Structures are given as structure tokens and as C-alpha cells.
Amino acid sequence: MGASEPVVEREGERREEEEEEDKGEEEGNERKDEEKGQVLGVKEKVIDNSNIGVNNDLPNRLGDSHVAMMQRLNPTNPLRIVINGSSRMPTPSPSQTSLPRSTPTPQPSLTTLNSRRYTNRISLFLFVLHMVVAVGLVSFLIFKGIQGLTEASDSVKRKERRILKFYLPQVETASLLSITLAFVWQKAVRQWPKFMVQFILWSSFLLSLSAGILLICFQRATTDGVGVCLIAFSIGNGLYACWVTQRIGFCSKILIKSLEPVPKFRDLNQPTYCMLGVGFLWMSLWILAVIGAMNFYFTPLIIIALVLSLAWTAEVMRNLVNLTVSRVIALYYLRGMQSSSQFCFQRALTRNLGSACLGSLFVPAIEALRIVARGLNLLEGEDEFMFSCAHCCLGIMQSIFRYGNGWAFVQIAAYGKGFVQASQDTWQLFERRGMVSIVDLDITSSICFLTGVCSGSICVIVVAAWTAKVHQTFTATLSLLSFFIGYLMTRIAMALPHACVSCYYVCYAENPDTRLFDRTIKDQQDMMNSDREVVVPIPRRFSTNS
């Protein structure tokens, strides 16, 4: 018993010492918690006073409650660590306070595809005014023609009856034949594009030559003049076909690729049907007006005014089809959308009609003058007296071409831009992508033009042979008129493939990385650049040797 008592006392002393150490640690932790709670309460009071500024007793109570809660928490409790970490207000470093706040940069807004404004309103007003005058003049001339048949003298009646008998049937036949040929050409180009490019180039040469020879065979002064003009045109056509032989392959590839989306839109040809139907009706009234003008004052001037009016109206019809097809195909390339052709046609008839009128008025003249300037530049030799202004003329036409070109109809249809703005933006887009030389090599517009020449030549052959059999006096006049009608009607139908090719170029220039485009244009650019690299170093090598 005596031996065990010291051991028990030692164990009791150890226990007391351990209890005293635990109490000391607990008291130290409580002091730390109290200090932290006081600091937290002070910070919360400062924050609350700065933010609220009313009733200072409420923050004191909240601070006391936070201190009491934190005293009851274990120091190793994660909840307490989180509370302590979140309660600390970090002081910003001097570098952070000195830096200004970054403002977000505004993102550029995408060009809308649903513009609701009317483009080129002045040209729209002029075209509407022209149509009002044209309808009034045609109606008045038809009335004069009917009046001549009913109330005029016997000689005038006989003259008008002869005109109606030997004049009107040929013209109506030429209109129906040209519409039929228009659909045949369009279907053939869509079905066999590679073959039709070469066929159109050489058939236009042969058909225009045949029509000219046929008119010369009638041995009349008027028919000889028209025949010589057709033969001269056929010679130039043959030279052009030989000159563009190297471009046929690339043009065929682009035509094949650009026509691939057409089967996806079954109603894409409906605007063409509508425009050809309206064109046939207007052409029939126009012919009656021409007949009535023969019994009115200033007959030549009135007929020239009617011809110019018909040319502008038919060109507007063609560009309406162009705008409709361009919007459908452009939305397919740019957004992957399958739009309704009827809705796009209504948009072209309303909001974009002014641009169609302005483009129809200036694009044919600008392109014709540009072709003339290029021809002078190609013929330029050492004769400085004759061709000293060739480069100047070409430069002027190139600058004018930037403000008015046929490529603009794609952006007019897609974005609702004005004609001049769309021409500038499209040409700048070609320059930025390095595609100016590529689009200059394209001969699609020439193919469509020569298709109209083929239809016009066929109409001349049919109408001239018929008229020479029944009334040879009208042969030259009806030949010119039938050629004009055949050309205009076919150009309306050929607006579809032309618009598809234009959309392919312009949409490729906007986004060449789309999966809808292949490497046809890219490979052509690489080949042209490699040819330049081969040709350019040659003068340098000679200059160093000299």
C-alpha cells in the first residue's frame, strides 16, 4: 500500500498538469477567437455604416452574434475557416489600384440580311414615271391604229390591213419562238454545261453568219445592209471564240459548280416564267403600238422611243430574275438557308426594284465601253498617234467599273444595298481576296449574251424566209425586230445561270472556307501566281548580264 501511493499521487499530478495545459490552450484559443470576433465586428460595422448609414445598433448586434458563433466553432472546423476567409477584406495592391478599369470593346454588328429600306429611290421614281408614260403612249398609239382601221380613208385602211396581215403574225411568231428557245437554251446549259459553253461560242458564229448571208441573198438595199452587219458581227464573234479558248475549261468548271444548288429549289424558275409571260403580253401591245405609230406624226422618233423603252423594260425584267435567284443562292451559300423564291421575287419587285432599274440603265453601257477600251488596249502597237489614248481610256473605264458593275446584284439581293455602294463593296472584296484577275477571266456574261445572239439569229432566219415569201418589202424591218425580240427574251431566261455564277464568285470572296466551295478558284489563283513568278524574273536576269 505504501509503495503504491506515490505512484497514484504521481499519476494524479500528471492528470492535473495535463488538465491545466488543456485549460490554458482553451483559454488562449478563446482569447484569439475573441480578438478575431472583435476585428470582424469592427469591419462589419464599418461596411454597414458606409453602405447603410442608418441605425448603428444593428451592426453591433450582428457583430456580437458573429463573435458568439465563432467562439462556439472548433478552430479546425472547415466551416470556421471558410467564414474567417470570407470575412477578411483583402486590401488592393497599389498596382491594382493604379490600373484603370477595362471597358469591353464593342463587337462589330453583322450586316443584316433583312433590310427593309427601298434602294435607289430616284431611279425607281424615274422608271415608274417612264412606265406611266410608256403605257399612256402605247395605249394612245393602239387607239390611233384602231381609229385608222375604222374611221380613216380607204387608202389608210388598206395600208393598216396590209401591215396587220403581213407584219403582226411574224412578230408574234418571233416572240413565241424566242420564248421556246429561251427555255431550251437554259435547260441545255443546266444539263450539259461543259458542252454548251463551246457549242454556244461557235453556234453563235455560224448562226449569225448564216442569217447575214440569207439577207444578202434577197438582193435588196435594206436587207443587204442588215446582212453585212450580221456578217461583220459573226467575224468578230469567231475571233473572240478563238481568243477565249483557254478560258473555256475554267468557265465550265465554275458553271458546273455554281449550278449544283439549283435542283434544291424547285420553284427557282417561277420568276423566269412570270417575266417571260409579262414580256410576251407587253411585246404584243408594243407591236400594235408600232403599227399605230405608222399613221401618226414623227413616226421614226416615236419608234426609236418605243425601242429604247422596250430595251430598258426588258433589262429590268432580266435583272428582277437576277436579283431573285441571287438572293436565293446567296442565302444558301452564306447562311445555309433554303429561301422561298416567291418571297425573294416579291422583295425584288418592291424594295430592290430601284437598284434593278439603275443597274439596267448603266451596266450594259459600262460593260460595252469597257470591252471597247480593252479592244483598243489589245490592238495597241507602236502607232502612238492612233492608240495613244488606249491606256487612258482603259483606266477611266476601270475606275467607272468600280462604281457600276454586274457583280453588285448579289449584294443588292443579299444585303439590300444601293447599286453604287454594292458595286464598290463587291469590287473591294475582289481586290482584298486577289480575285480581280479571276473575275476578269470569266466569260459567263459573254456566253449569256451570245445565247441571245443565237436565238435572235434563228428568229431572223425564220422570219426573213417567211416574210420574203409573202411580202418582201417588210423583210429588213421584220428581221431587225425579230432579232431584237429573240435576244431580249433569251436574256431573261439566261439570267438564272448568270446569277448562279455571280453568287459563286461573290460568296466565295466573302467566305472562301465554307464547305460548299471547292478549290477551283484557289487552284486557278495559284496557277496564275506561279505563271507570274516564272515570267517576272526573266528581265532581271538579262539586266544583270548586261
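Annotations for the structure displayed:
- Residue count for the range 312-350, restricted to those that are under 18 Å from R121 (Cα atoms), among the hydroxyl-bearing types (S, T, Y) and either surrounded by 20 or more Cβ atoms within 10 Å (Cβ to Cβ) or modelled with pLDDT of 95 or more (or both): 1
- Enumeration of residues in the range 457-468 that are open to solvent by less than 10 Å² (accessible area, probe 1.4 Å) and within 19 Å of K187 (Cβ to Cβ): C459
- Options T475, T451: the member that is in contact with a Ser or Thr (Cβ under 6 Å, 6 or more places away or on another chain), at pLDDT 95 or above and on the phi < 0 side of the Ramachandran plot: T451
- The range 114-140 - residue that is among the hydrophobic types (A, V, I, L, M, F, W, C) and in contact with a Leu (Cβ under 6 Å, 6 or more places away or on another chain) and, of those, farthest from M283 (Cα to Cα): L124
- Sole residue being under 20 Å from the mean Cα position of the chain (by Cα), part of a helix (DSSP H, G or I) and either within 20 Å of L206 (Cα to Cα) or of a type in the set (G, A, S) (or both), chosen from S455, S446: S446
- Complete set of residues in the range 174-220 that are closer than 27 Å to T473 by Cα, open to solvent by 80 Å² or more (accessible area, probe 1.4 Å) and not aliphatic (A, V, I, L, M): C217, Q219, R220
- Residues located in the range 246-266, provided they are of a type in the set (A, V, I, L, M) and either open to solvent by 20 Å² or more (accessible area, probe 1.4 Å) or touching a Cys at 6+ places or on another chain (Cβ under 7 Å) (or both): I256, L259, V262
- Screening F125 with (1) at pLDDT 90 or above; (2) open to solvent by less than 80 Å² (accessible area, probe 1.4 Å); (3) of a type in the set (A, V, I, L, M, F, W, C) gives one miss only, at (2).
- Among the residues of the range 414-438, those identified as under 13 Å from the mean Cα position of the chain (by Cα), open to solvent by less than 10 Å² (accessible area, probe 1.4 Å) and of a type in the set (A, V, I, L, M) are A414, A422.
- Restricted to the range 137-158, and to residues there that are among the charged types (D, E, K, R) and open to solvent by less than 80 Å² (accessible area, probe 1.4 Å), the residue that is farthest from the chain's Cα centre (by Cα) is K157.
- Checked against the criterion of being open to solvent by less than 40 Å² (accessible area, probe 1.4 Å) and within 22 Å of S204 (Cβ to Cβ), the candidates L496, L441, L480 yield just one match: L496.
The values are calculated or read from the model by the stated rules, or taken from the named source; none is laboratory data. Computed from a predicted model, the values in this text were never measured in an experiment. Because the Cβ atoms are built from the backbone with ideal geometry, glycine has one as well, and the counts that use them run over all protein chains shown. For the accessible areas, the whole protein counts, side chains as well, though only heavy atoms, and no ligand, DNA or RNA atoms are used. Shrake-Rupley method; radii C 1.70, N 1.55, O 1.52, S 1.80 Å.
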